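Beneath this line is the structure, given in structure tokens, with notes to follow.
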Amino acid sequence: MTTALKIAFLPLTDAAVLVAAREKGFAEAEGLSLELVRTTSWATLRDRLVFGQVHAAQMLAPLAMAVTLGLSQQPAALAAPYKLNVNGNMLVMARDFAKALEPDVAARLLDPLGTAHDFATAIGLWRRKPVIGVVHRFSSHALMLRYWLASAGVDPDRDVVLRVLPPSLTVEAMRAGEIDGFIAGEPWGSAAVEAGLAETVAIGERIWRRGIEKVLAFREAWLEENPETVDRLLRALLRAALWCDDPANHGMLAALLADPRYVDQPAALIERALSGQIVVRGGEAAIANPDFMLFSREATPFPWRSQALWIYSQLVRWEMVAHDAATAARAGAVFRPDIFRRALAESNTPMPGASMKLEGAVDLPLAVGSHRGGLTLGPDRFFDGRVFDPERIEEYLAGFVQVR
Amino acid sequence: MRIVIIDDSGLRATVLEEGLREAGYDDIHIVPPRGAFVARLERMAPDVVLMDLGSPSRDTLEEMLIVSRALAKPIAMFVDQSDDSMIGAAIDAGVSAYVVDGLRKERVRPVLELAVRRFNAYAKIQSELDEARTALSDRKIIDRAKSILMNQRQLSEQDAYALLRSSAMNQGKKIVDVAQALITASDLLGGAI
């Protein structure tokens, strides 16, 4: 018997695993019929999930946490047992603004710390306080942008203007001069570069080598009441994710995503993020960033509790939530490695032995303890070399230089 | 009660505004979600904000509701938890409503119910328009196919149509699909009409 599931998504390249699960038969093989509900704002995606119009949603990891903590409209307990991807963002700025940055674009991307300092200088040269588009206050990209700016002494709340707008409006807002740049999931940065409006300034993968991005979020109660369906969905998604990571499939995947029902942007633009061939300046050769966006390798979908707690630490850092042990525990518990383990127990995916780890401590590919097969974690450094110990959040936060 | 409708579609906003005025609300403003709409909205200090759920600008609006210093009272999404069907009806109709803190829910409910009815009425008008548009373009395609047949086979208009119809029936297809296939074939063969 086929189970019908509705899943909300936004037109972004990192909806890839959901689209592949539906279009390439992975969901069907698990007896699931997926209806993917295209949504143009995170607020509406959130409402569809919270009020039960969809069973699950492709969600910004920090937003899932914010909804659970009652920070984003109607509070609701959400649960994220599966990460749809890591990495996949980039910061682009108007070409005139980028003139004050390192002109050698390869060097610019390789040295985020140097670029952050150049950026801080460029702020003073710009005709106004730079207006930078972010897709949501509770997005990983906004948190990474804040982290990156603050490393060069820039106060993201005072020295620049962060303007919230959905990914699909970013390019038009650049064209209209309403914003001077933006950080968003692909393909929107590439679309602005291609249109000659902007240059890439930084890519998410160079800010945090394995930066958390979208999760698959459920209402916690529904997740608990439907274990068998959840397990089938996770198995289908993992197979779809393996397919998405295979370079041989990138062309076909880009063509699928280009469909008006999904991302509705040219396949060639979408393929840049999938293959890691990033064009920094319109008309120039692409620069290879093979880890630009990951779907399955290195146990990417595994929801490490420590990653949830890193997000929480940043919400505390920017005074979006007041820190106490109970809140930290609730935030961490949004990620559900227990469900991931249950659903994929019979699969041959390497399963991490632990649910928490130090974040930002791996320099070179590292083999780690796993229940099955070899699990190798890729380098996961933050560009400033800091290491996040989820057991010591306060110490970690005290280590940052105050920017105000 | 000051009601602001944020909407890009002139027609939908008008349909909603008319309904609200008929129901006796008279402090109504329409703001399209473009440019500095957030600043305009702040100056208006609304009690209720109505917005299309499908509008991509909802995130921008919600951010303003969080950070605004100009608004005296916090504004939150209207959710009447005592009534699940109301929430469902609002989401189905594509209505989202934000309401200032302290406004009694009995005062907001009729506004929301009216918005739901009017949004549904608008959706119906829209789908009828779409149907009419499709019918029009179907007719153009059939007309072109007819004229190809009339030219190539020296048929009368009536006979050309009868031929299209009988081919469609024989193939179990719609007339417009047969007509489209004929046009494509004719184009490929370089046939002039």
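The values are calculated or read from the model by the stated rules, or taken from the named source; none is laboratory data. Because the structure is predicted, anything quoted here is derived from the model rather than measured. Reconstructed Cβ throughout: ideal geometry from the backbone, glycine too, with neighbour counts over all protein chains shown.
Taking the options B:117, B:69, name whichever one is under 27 Å from the mean Cα position of the chain (by Cα) and more than 11 Å from chain A (Cβ to nearest Cβ).
That would be B:117, the only listed residue that is under 27 Å from the mean Cα position of the chain (by Cα) and more than 11 Å from chain A (Cβ to nearest Cβ).
If residue B:81 passes every condition in (1) in contact with a helix residue (DSSP H, G or I) (Cβ under 6 Å, 6 or more places away or on another chain); (2) surrounded by fewer than 19 Cβ atoms within 10 Å (Cβ to Cβ); (3) within 12 Å of chain A (Cβ to nearest Cβ) but one, which one does it miss?
Going through the list (1) in contact with a helix residue (DSSP H, G or I) (Cβ under 6 Å, 6 or more places away or on another chain); (2) surrounded by fewer than 19 Cβ atoms within 10 Å (Cβ to Cβ); (3) within 12 Å of chain A (Cβ to nearest Cβ), residue B:81 breaks only (1).
Test residue B:110 against the criterion of being in the same structural domain as residue B:56 (by TED's automatic domain parsing) and more than 20 Å from residue B:18 (Cβ to Cβ), and give yes or no.
For residue B:110, the condition - in the same structural domain as residue B:56 (by TED's automatic domain parsing) and more than 20 Å from residue B:18 (Cβ to Cβ) - is not met.
Given the residues B:100, B:108, which is the only one that is over 27 Å from residue A:136 (Cα atoms), modelled with pLDDT under 90 and either surrounded by 14 or more Cβ atoms within 10 Å (Cβ to Cβ) or away from chain A (no Cβ under 13 Å) (or both)?
Only one candidate qualifies: B:108.
Select from region B:8-38 the residues that are within 13 Å of chain A (Cβ to nearest Cβ) and part of a helix (DSSP H, G or I) and write down the one among them that is surrounded by the fewest Cβ atoms within 10 Å (Cβ to Cβ).
B:37
Of the residues B:111, B:178, which is under 30 Å from residue B:89 (Cα atoms) and in a helix (DSSP H, G or I)?
B:111
Condition (residue is farther than 19 Å from residue A:273 by Cα, in contact with a helix residue (DSSP H, G or I) (Cβ under 9 Å, 6 or more places away or on another chain) and of a type in the set (Lys, Arg)) applied to region A:103-121: is it met by at least one residue?
Looking for residues that are farther than 19 Å from residue A:273 by Cα, in contact with a helix residue (DSSP H, G or I) (Cβ under 9 Å, 6 or more places away or on another chain) and of a type in the set (Lys, Arg), one finds none in region A:103-121, hence no.
Looking at (1) in contact with a strand residue (DSSP E or B) (Cβ under 8 Å, 6 or more places away or on another chain); (2) farther than 24 Å from residue A:232 by Cβ; (3) not in a helix (DSSP H, G or I); (4) not aliphatic (A, V, I, L, M), find the lone condition where residue A:307 falls short.
For residue A:307, the failing item is (3).
For region B:39-59, which positions are outside any loop (DSSP other than H, G, I, E, B), more than 17 Å from the chain's Cα centre (by Cα) and crowded, with 22+ Cβ neighbours inside 10 Å?
Matches in region B:39-59: B:41, B:48, B:49, B:59.
Would you confirm, using the coordinates I've provided, whether residue A:216 is in a strand (DSSP E or B), modelled with pLDDT of 95 or more and within 14 Å of chain B (Cβ to nearest Cβ)?
The answer is no for residue A:216.
Do we have any residue at all in region A:189-200 that's touching a residue at least 40 places away in the same chain (Cβ under 8 Å), within 14 Å of chain B (Cβ to nearest Cβ) and not in a strand (DSSP E or B)?
For region A:189-200, residues touching a residue at least 40 places away in the same chain (Cβ under 8 Å), within 14 Å of chain B (Cβ to nearest Cβ) and not in a strand (DSSP E or B): absent.
One line per residue, one yes/no per condition, for (1) closer than 28 Å to residue B:182 by Cα; (2) among the basic types (Lys, Arg); (3) at pLDDT 90 or above; (4) not in a helix (DSSP H, G or I):
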residue	(1), (2), (3), (4)
B:116	no, no, yes, no
B:121	no, no, no, no
B:126	no, no, no, no
B:131	yes, no, no, no
B:145	yes, no, yes, no
B:152	yes, no, no, no
B:166	yes, no, yes, no
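Has region A:308-322 got at least one residue that is exposed (fewer than 15 other Cβ atoms within 10 Å of the Cβ) and either more than 30 Å from residue A:268 (Cα to Cα) or of a type in the set (Phe, Trp, Tyr) (or both)?
yes
Within the bounds of region A:344-357, is there any residue that is assigned to a helix (DSSP H, G or I) and in contact (Cβ under 8 Å) with a residue 24 or more places away in the chain?
no
On the given criteria, is residue A:142 within 14 Å of another protein chain (Cβ to nearest Cβ), over 22 Å from the mean Cα position of the chain (by Cα) and of a type in the set (Gly, Ala, Ser)?
no
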